[in-house]
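Readers should treat all values here as calculations from the given coordinates under stated rules, not as data from a laboratory. Only a predicted model underlies this, so the values are computations on that prediction, with no experimental measurement involved. Cβ: placed from backbone, ideal geometry, glycine included. Neighbour counts: every protein chain shown.
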Amino acid sequence: MHSTQFCSPNLSSYIHKQLAVVHNTERCIGLQIKMNSAQVQVVTANGHPENVVTKQLERKGTARNVEWEGRGEIFEYVGAANPAMSPIPVMGLRAVEHETGPTRVITLDASKELEIEGYQASSPNLLASFLRICVGDSLTTSACATSQAFYVIHGRGRTSVEDQELEWKTGDLFVIPGGKEDTSCTHECFQDEKTGGAGLYWVSDSPLLAYLGVVPKGKKFDATFFSQEKLLESVDTVRHEPGAEHRNRLGILLGNVATPQTKTLTHTLWSLLNVLPAGSDIQRPHRHNSVALDLAIYASPDSYTLMGRELDGQGNVLNPVRVDWESGAMFVTPPGWWHSHHNDSGEDAWVLPLQDAGLYTHQRTLDIRFSEQEIQLLDQKIVR
Ligand SMILES: [Fe+2]
C-alpha cells in the first residue's frame, strides 16, 4: 500500500491499522477507504454495517493539507485494480450520411456510451466523422488534435490549411498535423457525378487530447498525401508477391517519414488498405489493443466481419457479432476483440481501418495476435 504518498503520517498509520482489522474479518470480501477532510472510513465491499469503522482524525498540518487530502481516494487492490469501464460500443455510420443532404459534418459520437463528458469521441482516443460537401460548397472543419486523417470516399475538390492547398479526388488519403489549439481546414467540392457532393472520411485523435487536457505544442509531422494511384499500385505489387495467398492480411500499411520506428501513418494514427479478393472466403481472426474505425470502401453483399471477445478451440470467433459491410459505411471494432473478415461475394472487397495503433506501437502495447499462432501455442500448453 502506498498511502504515504497521499496521506499524512497520522492518516497513513491509521489506515494501515484499520486494514489489518478488516482483513482479519471472515466476511470481508474487499475494502474501500473513503476520506474527507474530517474523517476516514474503512468500508468492506459487502457494506456490512458492523464492518464499517469511522474515526475522527487528529488533524495536523495546514488547511491546504486538509483540503488536498480530501480529494484522495484509496481502494483495496484486488477489488479495484480492474474497474468496470463502459465498454466501447460496436457502432457505425451509414453511407447515406455522406451521399445525401446538405453540406455538413456527421460525427460518430459514442461519448454517452463511454461515459465521457465535455467532448465527442468515437472511442477513447479517436473521433470519426463523415464530411458531406455539396458541389460548389465549402466546409470548414476544426480540431484540437495532433493528427487528422482524411480519406476521399467520392468526389473531387480541394483542402486549404494555413497557407497550403491540396487537391484531391476519389481514393486519395491525406493527413494534417496539429500544432496549436485548433487546426482549421477548409474543404471545397468541385465535382461529384453520383451524389452531387463529395464524401470524406475524417478521423482525428482529438478525444485523446481532450482526455489529457492538453493542446499540441508543435507539429509532429508535415502534411502527407497518398494518391489513389499509388495506393492501388502498391496493393497490386504485394498481391502478386510469392506467398501472398497465405498471408493473414493482403494489404499495405501507410507510413510516414516522420515515424521510422513505428511505421505508422502518424505518431498516433495507423492505417491499412486491405483487400479481400473475390473467392478468398476469409481472413482468419486476429486482435490488437488499438481500436479500429473501419471504412468499407467497396463491398458487395455477403462481405462482413465477425467480432467477439474470445476464440473457440478451432480458432474461430466465439459468439460473434456480425457487421455486414456496406460500400462507404464505417463501423467500430472494439480494442482487444478478435475479428475475422469474410468475403462470400464474387467481387473483391476493400476495407480501410484507421486506428490509434501509432500510439500503442510506440508504447509497445499493441499486442497484435493471430488465431493460428494462438492455437499453436495452446497446443504446446503455452499461455501468454
Ligand atoms: Fe484488426
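Things to note:
- Near residue 215, once Lys and Arg are set to +1 and Asp and Glu to -1 for all other residues with Cβ below 15 Å from its Cβ, the sum equals +1.
- Over the stretch 122-225, the Kirkwood radius and the radius of gyration, each from Cα atoms, give a ratio Rg/Rh of 0.98.
- Of 127, 166, 366, the sequence from fewest to most neighbouring Cβ atoms within 10 angstrom is 166, 366, 127.
- Full-extension gain in nm, residue 67 to residue 300, via 0.36 nm per residue minus C-alpha separation: 77.7 nm
- Neighbour-count ranking [beta-carbon atoms within 10 angstrom, fewest first] of 330, 307, 85, 91: 85, 91, 307, 330
- Listed pairs 169/217; 219/263; 169/263 exceeding 23 Å between Cα atoms: 169/217; 169/263
- Least to most buried among 62, 195 (fewest other Cβ within 10 Å first): 62, 195
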